[in-house]
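Below is one structure, written out as structure tokens; comments come after it.
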Amino acid sequence: MPTTPPSASLQEDRHPAEPAVMPMHEERVVLDNESIRRALKRISHEIVESADGTERLYLVAIPNGGVPLARLLADNLESLTGSRPPLGILDTTLYRDDLSTRGSRPLLRRTEMPSSVDDRVVVLVEDVVSTGRTIRAGMDALMDFGRPSHVRVVALVDRGHRELPIKIDYVGKNIPTQPTDRVVFHAEQLPASNSTGSAGRDARDEEITVGELELVVRSDGESLEGPE
Amino acid sequence: MSKILIRNGRFLDPSTDTDIPSGAGELLIEDGRVAAFETGGNPIPEEGAEILDAEGAWVVPGLIDVHAHLREPGQEYKEDLASGGTAAVAGGFTQVACMANTAPVNDDPSVTKYILDRAEKESPAKIRPIAAATQGLLGEVMTEMVALKEAGAIAFSDDGATISDAAVMRRVLEYSRIADAIVIVHAEDCALRGAGVVNEGAVSTKLGLPGNPAAAEEIMVARDIRLAALTGAKLHVAHVSTAGAVHMIRKAREAGLFVTAEVTPHHLTLIDEATMGFDTSTRVAPPLRSQTDVDALRRALADGTIDVIATDHAPHACYEKEVEFTEAPPGMLGLETAVAVCLELVRDGTLTPIEFIRRLSTNAAGLLSLEGGSLKVGSVADVALIQPNQEWNYDPARGFSKSRNSPWAGQSLTGRVTATIVDGRLVYHHERGVLIR
Amino acid sequence: MIGRDILGIADLSREDIETILETAERMQEIGTREVKKVPTLRGRTVINLFFEPSTRTQTSFEIAGKRLAADVVNFSVSGSSVSKRETLLDTAKTLDAMDPDAVVVRHKVAGVPHRLAEVLKAPVINAGDGAHEHPSQALLDMLTVREQKGRIEGLTITIIGDIAHSRVARSNIYGFKKLGAEVRVAGPPTMLPADVEKSLGVKAYTNLAEAIEGADVVMALRIQMERLEGACFPSVREYAATFGLDRAKLRYAKEDAIVMHPGPVNRGVELSHELADDGPSVILDQVRNGVALRMALLYLVAGRGGH
């Protein structure tokens, strides 16, 4: 997208009905900590209701945003059902369809899949879904780990602009956006003060607790980075 | 017969310590000799002479290279007497002494005569063959030095190889006395050098390439100096590259021994770090050495311990050099770039212009008992014009040598030979090209 | 880094090295999966051009390429360019005409990968050039040390053996120093290169005990018997006695010191039989990490863009 700043002549040429050009870096908090946690509670209920028994659930977070969300979901599911589903982290970078031939390859993130996905109901957890390409990459990656019986998708936010036929099973909020907007999920991660010693916790869980959460939309007329 | 009148240049004649500023001198060449040389500002009458305007140039006795490899007979794919002789005059050299490591080796009068004969027909520069000191350059049996000298050889050398057996070297030096010729040595202890391809030191350590220690040269120079003392022979050390060798040569001369030496343009201006990129045009024997060595070589050239600058012009075909560093034959071109590269020593004050020319011309004439190196009236008319400040881009592909192996390829150089006269004939002019043959 | 040649550790910045190591840590996980493959370099061609035979390194690069779904082609070339009458320039041009996305080169003469890199549009990865550099080996060594010790900064690393002829030594010296470790070298004087302390920035020892005193990592290099016995040291027996590592000598190093070796080990020479297999030796981790490291390199640089 062109990044010429607004100028007087541009204003004059504009059709009167068009919206005003947004000033640089307008940022609005679309979801605050409370709303996000409420949405996650609701999603957890939905998962429990629609699942055919929750013993086969396996949460797989897509880093970075999906990780704190998946942790909170795991906490919720544990209080709802008494047992905590296994929690994996699956980096999809190596499965992307847009790795460039110039510049630099993106840095890889940690992948940790503590148990087998065979016959499991895998729930991919992502913060923001847009084009659907990351979820597609996530499914490809998942297939290399085994054969899940079902794959579901949780997204905190669906911002639209789908390019692939990817459906979100559980969504926190639908937020219409401009293609040029940037939607950023912030999650404060704090060192754990204590652990509750439940069975099924993975090692990473014990290191960190999730603090303040926030979802922000930034409109600045600059193009998006990366697939969403 | 042609007449050439040179005017407007700065005339430098080391043979008479003459340095005439621009505008005050004029030189008339007639019938292959210097007919008149005016230094007091009186013009010489033109009378049908071709005028050569040397505005901005130094007018100097034709340069003399005591060490070049012209590859004929046998390796004409990389150079021959025609191309080598042309490269020479383009570099200001009117006489070139060529080494014997051809195929066949110049260890027989028939080969010497062949070279002279071919040079007469093909080369614009005068070629002076150096014959081998031992047959086949094998370092075992000495050559027929008397016959070779009679055939036209001006000195003896196994350059390219070294005579490792001290007893053989002793006899070669002793025998050279009846031929009254100098013996030129490529001083290197081959066993100690081993597989070394770069100077042993920080560079060989960092590059992981086999190193050639300075000691390999120093040991052999020490040996050859002692043998020269023992035999009373005339020893000339080729391409000196180490401070250690310089030190020993200086001591030997102070002691009255006949030991002379030469240094190449590359050993005066490049150090071993130039090989850090593995460019095979920097692979040379002896290798490029350290800054300490280069400093010692420059001081030695300035104080006279080293008598001449000699190019060691060593052409190799591109495909011979485009191989692994350790497989590439050592050597680089030198005839067309020597002046530009060595002018650095004038620019930084190591040598004055006249001392610079002395080491490229007059001293060489004395060393090899050749006519030349002088602008005195009656001297052979070998003259070169040098524009010391002219910048030019050196592209060996457009040069006169058949080969292209030079570390200065593609570089901008300062100082250019603009005209060369051999035996009174203008054989090279930078705008008109090579005019004879 | 796409399209960038990896010719030596000397040309890599500390940041470059960190990036490569972090990426390699991610790649380690792929080796633990059932399906040890990701589609990342699908359709890309990696050419292994080995002028010097090397099953280990060549196989390691081959597996690395295949795990990234690349098409890996092995060229084993014997003889120098002179013996084959094909100049390096021609070899490079021929390869370039095949449009590879990466070329991995090993040669027994230093500088060959550099010559090829001048012509090839694809990135050239140096798999060992003479005694000059072996960057992927040093990187996997650094990865292994970081894995074992949690860090590299502040550690003391001692490298023992034929330093003069070792590309593994040089690359490791450059790499570990860039990451803040103190590096020492040890060997008989005939195997220490000229001016080693100043040229490479290490402390040199001819006494093994002093060299490994307090060391965190002891790395033994392979001795090339064919070339050196009789020339650089009188006998294998004497080398083993003075510079070979065994449990007893290892006591001079720190208690939790690890033992490394680029392999293959000459048992009883550089390492005693027990040390070659036992606890403090991390040789097999080095091999395992080699694949992950080479995957990281291919991931980061393969591709013809950006040259």
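The values are calculated or read from the model by the stated rules, or taken from the named source; none is laboratory data. Quantities reported herein were computed from a predicted structural model and do not represent experimental measurements. Because the Cβ atoms are built from the backbone with ideal geometry, glycine has one as well, and the counts that use them run over all protein chains shown.
If you take the residues of the range C:125-138 that are within 13 Å of chain B (Cβ to nearest Cβ) and in contact with a Pro (Cβ under 7 Å, 6 or more places away or on another chain), which of them is surrounded by the fewest Cβ atoms within 10 Å (Cβ to Cβ)?
So the residue we want is C:126.
Among B:241, B:204, which is within 14 Å of chain C (Cβ to nearest Cβ) and crowded, with 21+ Cβ neighbours inside 10 Å?
Among B:241, B:204, only B:204 is within 14 Å of chain C (Cβ to nearest Cβ) and crowded, with 21+ Cβ neighbours inside 10 Å.
Condition test on residue A:46, is it more than 13 Å from residue A:187 (Cβ to Cβ) and out of contact with any strand residue (DSSP E or B) (no Cβ under 6 Å at 6 or more places or on another chain)? Quick ask: steps written out before the conclusion?
Numbers: more than 13 Å from residue A:187 (Cβ to Cβ): yes; out of contact with any strand residue (DSSP E or B) (no Cβ under 6 Å at 6 or more places or on another chain): no.
No, not satisfied.
For the range C:52-111, which positions are within 20 Å of residue C:168 (Cα to Cα), among the small types (Gly, Ala, Ser), surrounded by fewer than 20 Cβ atoms within 10 Å (Cβ to Cβ) and within 14 Å of chain B (Cβ to nearest Cβ)?
Those that are within 20 Å of residue C:168 (Cα to Cα), among the small types (Gly, Ala, Ser), surrounded by fewer than 20 Cβ atoms within 10 Å (Cβ to Cβ) and within 14 Å of chain B (Cβ to nearest Cβ): none in the range C:52-111.
So, in the range C:195-210, how many residues would count as being within 13 Å of another protein chain (Cβ to nearest Cβ) and either under 22 Å from the mean Cα position of the chain (by Cα) or within 18 Å of residue C:245 (Cβ to Cβ) (or both)?
Taking the range C:195-210 first, the residues within 13 Å of another protein chain (Cβ to nearest Cβ) are C:195-202, C:204.
Within this subset, residues satisfying the condition of being either under 22 Å from the mean Cα position of the chain (by Cα) or within 18 Å of residue C:245 (Cβ to Cβ) (or both) are C:196-197, C:199-202, C:204.
Counting residues in the range C:195-210 that are within 13 Å of another protein chain (Cβ to nearest Cβ) and either under 22 Å from the mean Cα position of the chain (by Cα) or within 18 Å of residue C:245 (Cβ to Cβ) (or both) gives 7.
Test of understanding: among B:308, B:341, B:377, which residue is at pLDDT 95 or above, away from every other protein chain (no Cβ under 14 Å) and surrounded by fewer than 24 Cβ atoms within 10 Å (Cβ to Cβ)?
Values: B:308 fails: surrounded by fewer than 24 Cβ atoms within 10 Å (Cβ to Cβ); B:341 fails: surrounded by fewer than 24 Cβ atoms within 10 Å (Cβ to Cβ).
Only one candidate passes the filter, namely B:377.
Just checking, how many residues over the range B:312-371 are of a type in the set (Ser, Thr, Tyr), closer than 20 Å to residue C:85 by Cβ and without any contact (Cβ under 8 Å) to a residue 60 or more places away in the chain? Can you show your working first?
Going residue by residue through the range B:312-371, those that are of a type in the set (Ser, Thr, Tyr) are B:319, B:326, B:337, B:350, B:352, B:361-362, B:369.
Imposing the further condition that a residue be closer than 20 Å to residue C:85 by Cβ reduces the set to B:319, B:326.
Next, only the ones that are without any contact (Cβ under 8 Å) to a residue 60 or more places away in the chain stay: B:319.
Qualifying residue count, the range B:312-371: 1.
Here is a yes/no grid of residues against (1) at pLDDT 95 or above; (2) among the acidic types (Asp, Glu):
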site: B:8; (1), (2): no, no
site: B:11; (1), (2): yes, no
site: B:17; (1), (2): yes, yes
site: B:36; (1), (2): no, no
site: B:66; (1), (2): yes, no
site: B:70; (1), (2): yes, no
site: B:82; (1), (2): yes, no
site: B:94; (1), (2): yes, no
site: B:100; (1), (2): yes, no
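When residues of the range C:259-280 are filtered for being on the phi > 0 side of the Ramachandran plot and surrounded by 19 or more Cβ atoms within 10 Å (Cβ to Cβ), how many remain?
Keep residues of the range C:259-280 that are on the phi > 0 side of the Ramachandran plot, which gives C:263, C:268.
Still in the list and also surrounded by 19 or more Cβ atoms within 10 Å (Cβ to Cβ): none.
The number of residues fulfilling the criteria is 0.
Give me a count of the residues in the range A:114-134 that are part of a loop (DSSP other than H, G, I, E, B) and touching a Pro at 6+ places or on another chain (Cβ under 9 Å). Give the derivation first.
To start, the set of residues in the range A:114-134 that are part of a loop (DSSP other than H, G, I, E, B) comprises A:114-120, A:130-132.
Checking which are touching a Pro at 6+ places or on another chain (Cβ under 9 Å) leaves us with A:114-115, A:117-120, A:130-132.
So the answer is 9.
Considering only the range C:59-147, give the helices (runs of 4 or more DSSP H) lying wholly within it that have at least 3 residues that are touching a residue at least 40 places away in the same chain (Cβ under 8 Å) and of a type outside the set (Asp, Glu). Talk me through it step by step, then tell me what you get.
Numbers: elements: C:81-84, C:88-96, C:112-119.
Qualifying helices (runs of 4 or more DSSP H): C:112-119.
Take the conditions over 30 Å from residue B:213 (Cα atoms), in contact with a helix residue (DSSP H, G or I) (Cβ under 8 Å, 6 or more places away or on another chain) and modelled with pLDDT of 90 or more and apply them to residue C:281. Does it pass?
Details: over 30 Å from residue B:213 (Cα atoms): yes; in contact with a helix residue (DSSP H, G or I) (Cβ under 8 Å, 6 or more places away or on another chain): yes; modelled with pLDDT of 90 or more: yes.
Spelling it out, residue C:281 is indeed over 30 Å from residue B:213 (Cα atoms), in contact with a helix residue (DSSP H, G or I) (Cβ under 8 Å, 6 or more places away or on another chain) and modelled with pLDDT of 90 or more.
Look at the range B:321-367 and say how many of its residues are over 19 Å from the mean Cα position of the chain (by Cα), outside any loop (DSSP other than H, G, I, E, B) and closer than 20 Å to residue B:417 by Cα.
1
Could you check the range B:224-264 and list, in sequence order, the residues that are part of a helix (DSSP H, G or I) and either in contact with a Ser or Thr (Cβ under 7 Å, 6 or more places away or on another chain) or among the basic types (Lys, Arg) (or both)?
The initial filter retains those residues of the range B:224-264 that are part of a helix (DSSP H, G or I), namely B:224-231, B:243-254.
Of everything in the range B:224-264, those that are part of a helix (DSSP H, G or I) and either in contact with a Ser or Thr (Cβ under 7 Å, 6 or more places away or on another chain) or among the basic types (Lys, Arg) (or both) turn out to be B:226, B:243, B:246, B:249, B:250, B:251, B:253.
Please go through the range C:21-51 and give me each residue that is free of Cβ contacts under 8 Å to residues at least 60 places away in the same chain, within 12 Å of chain A (Cβ to nearest Cβ) and over 17 Å from residue C:139 (Cβ atoms), ordered by number.
C:29, C:32, C:33, C:34, C:35, C:36, C:37, C:38, C:39, C:42, C:43
Sort out which residues of the range B:142-175 are in contact with a His (Cβ under 8 Å, 6 or more places away or on another chain), hydroxyl-bearing (Ser, Thr, Tyr) and either part of a helix (DSSP H, G or I) or crowded, with 24+ Cβ neighbours inside 10 Å (or both), and write them in order of number. I'd like the intermediate steps shown before the answer.
Going residue by residue through the range B:142-175, those that are in contact with a His (Cβ under 8 Å, 6 or more places away or on another chain) are B:155, B:157-162.
This time we only want the ones that are hydroxyl-bearing (Ser, Thr, Tyr), so: B:157, B:162.
Correct list: B:157 only.
Do you know which of the residues in the range A:165-191 that are touching an Asp or Glu at 6+ places or on another chain (Cβ under 9 Å) and of a type in the set (Lys, Arg) is surrounded by the fewest Cβ atoms within 10 Å (Cβ to Cβ)?
A:173
For the range C:197-213, which positions are touching a Ser or Thr at 6+ places or on another chain (Cβ under 6 Å) and touching a residue at least 12 places away in the same chain (Cβ under 8 Å)?
Pass one, the range C:197-213, residues touching a Ser or Thr at 6+ places or on another chain (Cβ under 6 Å): C:199, C:211-212.
C:211, C:212 - these are the residues of the range C:197-213 that are touching a Ser or Thr at 6+ places or on another chain (Cβ under 6 Å) and touching a residue at least 12 places away in the same chain (Cβ under 8 Å).
I'm trying to understand the selection: among the residues of the range B:389-417, which are polar (S, T, N, Q) and buried (at least 19 other Cβ atoms within 10 Å of the Cβ)? Show your work before the answer.
As a first pass, look at the range B:389-417 and keep what is polar (S, T, N, Q): B:389-390, B:393, B:401, B:403, B:405-406, B:411-412, B:414.
Correct list: B:401, B:403, B:405, B:406.
Restricting to the range B:14-28, name every residue that is in contact with a Pro (Cβ under 8 Å, 6 or more places away or on another chain) and either outside the structural domain of residue B:428 (by TED's automatic domain parsing) or closer than 9 Å to residue B:39 by Cβ (or both). Write out each step before concluding.
Residues of the range B:14-28 in contact with a Pro (Cβ under 8 Å, 6 or more places away or on another chain): B:14-15, B:19, B:26.
The one that is in contact with a Pro (Cβ under 8 Å, 6 or more places away or on another chain) and either outside the structural domain of residue B:428 (by TED's automatic domain parsing) or closer than 9 Å to residue B:39 by Cβ (or both): B:26.
So if I check each of C:249, C:203, C:254, C:177, which one is among the basic types (Lys, Arg) and under 19 Å from residue C:134 (Cα atoms)?
Answer to the selection: C:177.
Assess whether residue B:139 counts as being touching a residue at least 60 places away in the same chain (Cβ under 8 Å), not basic (Lys, Arg) and not in a helix (DSSP H, G or I). Break it down stepwise before answering.
Working: touching a residue at least 60 places away in the same chain (Cβ under 8 Å): no; not basic (Lys, Arg): yes; not in a helix (DSSP H, G or I): yes.
The answer is no for residue B:139.
Give, as residue ranges, the helices (runs of 4 or more DSSP H) completely inside the range C:219-281 that count at least 1 residues that are acidic (Asp, Glu). Explain how you work it out, then say what you get.
Working: elements: C:225-228, C:236-243, C:247-250, C:273-277.
Passing ranges, in order: C:225-228, C:236-243, C:273-277.
Which is modelled with pLDDT of 95 or more, of a type in the set (A, V, I, L, M, F, W, C) and over 30 Å from residue C:201 (Cα atoms), of C:64, C:110, C:24, C:10?
Details: C:110 fails: over 30 Å from residue C:201 (Cα atoms); C:24 fails: over 30 Å from residue C:201 (Cα atoms); C:10 fails: over 30 Å from residue C:201 (Cα atoms).
Checking each option against the conditions leaves just C:64.
Quick check on my filter: what residues within the range A:135-161 are buried (at least 17 other Cβ atoms within 10 Å of the Cβ), free of Cβ contacts under 8 Å to residues at least 60 places away in the same chain and part of a loop (DSSP other than H, G, I, E, B)?
Of everything in the range A:135-161, just one residue is buried (at least 17 other Cβ atoms within 10 Å of the Cβ), free of Cβ contacts under 8 Å to residues at least 60 places away in the same chain and part of a loop (DSSP other than H, G, I, E, B), namely A:146.
Rundown of residues vs (1) closer than 29 Å to residue C:41 by Cα; (2) within 14 Å of chain C (Cβ to nearest Cβ), yes/no style:
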{"site": "A:78", "(1), (2)": "no, no"}
{"site": "A:85", "(1), (2)": "no, no"}
{"site": "A:133", "(1), (2)": "yes, yes"}
{"site": "A:161", "(1), (2)": "yes, no"}
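Does the range B:202-220 contain any residue that is at pLDDT 95 or above, on the phi > 0 side of the Ramachandran plot, in the same structural domain as residue B:236 (by TED's automatic domain parsing) and within 24 Å of the chain's Cα centre (by Cα)?
No, the range B:202-220 contains no residue that is at pLDDT 95 or above, on the phi > 0 side of the Ramachandran plot, in the same structural domain as residue B:236 (by TED's automatic domain parsing) and within 24 Å of the chain's Cα centre (by Cα).
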